[in-house]
Amino acid sequence: MNLYLRLLWLLWRLRSLQRRGLFEESRVAFCVWPNDCDLNLHMNNGRYLTFMDLGRVHLTAQSGLLREALRRRWMPVLAAAEITYIRSLKPFARFDLVTRLLTWDDKYVYLEQLFEHDGELCAHAYVKGVFLARGARVPNTDLLQAIGYTEAPPPMSEALQRWAAFSANKRAEQNK
């Protein structure tokens with residue numbers, strides 16, 4: 001049961017979610033359940049990635065894109081993720097998952113996701129993804145047009161540029 005109850009809970013809460021600006025952060029509160037923990041009695045490293053899926057669903061809904069993606073049968077696909085674990089999350093700890101859109105390029109959408117507990121950063125991640133329709137990539141211009149956004153993307157930070165280049169090089173090496 002890979003977080004399906006939490007997904008259902010999140011979907012239930014999305015019914016009353018107000019649409020917000022494209023660059024406004026999404027913030028969702030969670031609690032570490034015992035089944036989220038590993039033998040070291042802190043949240044399992046893989047569980048962070050699964051929670052991040054829920055954060056991206058919330059951000060997509062908050063921006064108004066979820067409704068359009070469902071209507072057009074666009075499927076979100078994660079292309080790469082890098083996470084840095086800073087502090088452990090113990091059983092029953094409450095934490096906020098903060099997700100925000102950073103920018104996009106011709107191919108990918110870039111997001112940042114943070115795990116915060118009592119105002120302290122516990123984990124930081126960069127992710128990049130695409131939407132697919134019938135196996136083909138949906139152009140980012142189509143995504144943005146679907147929610148009425150027409151401006152250029154913000155510039156990438158230096159750290160994000162380095163990560164994007166690194167992940168692109170790794171992908172190119174794998175395709176040789």
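Derivation of every value follows stated rules applied to the coordinates shown; laboratory data play no part. Bear in mind that the values here come from a model prediction, so they are computed numbers and not experimental data. Reconstructed Cβ throughout: ideal geometry from the backbone, glycine too, with neighbour counts over all protein chains shown.
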What number, rounded to the nearest 500 deg cm²/dmol, is the helix-based mean residue ellipticity at 222 nm of the chain, given -39500 (n - 2.57) per DSSP H run of at least four residues and division by all its residues? -11000 deg cm²/dmol
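Could you list 134, 13, 56 so that the one with the fewest beta carbons within 10 Å of its beta carbon is first and the one with the most is last?
Numbers: 134 8, 13 12, 56 22.
Ordered by Cβ neighbours within 10 Å, fewest first: 134, 13, 56.
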Assigning unit charges at the beta carbon (Lys, Arg +1; Asp, Glu -1) and nothing else, what dipole magnitude in debye, to the nearest 20, does the chain show about its Cα centre? 680 debye
Calculated P(r) tail over 23 Å for the chain, as whole % of Cα pairs: 43 percent
Relative contact order of the range 103-148 (C-alpha contacts under 8 Å, at least 6 apart) in percent is 34 percent
Calculate the spin-label point distance for residue 147 paired with residue 41, positioning each point 7 Å from the Cα along the beta-carbon direction, and give it in nanometres. 4.1 nm
Just rank 24, 120, 68, fewest to most, by other beta-carbon atoms within 10 angstrom. 120, 24, 68
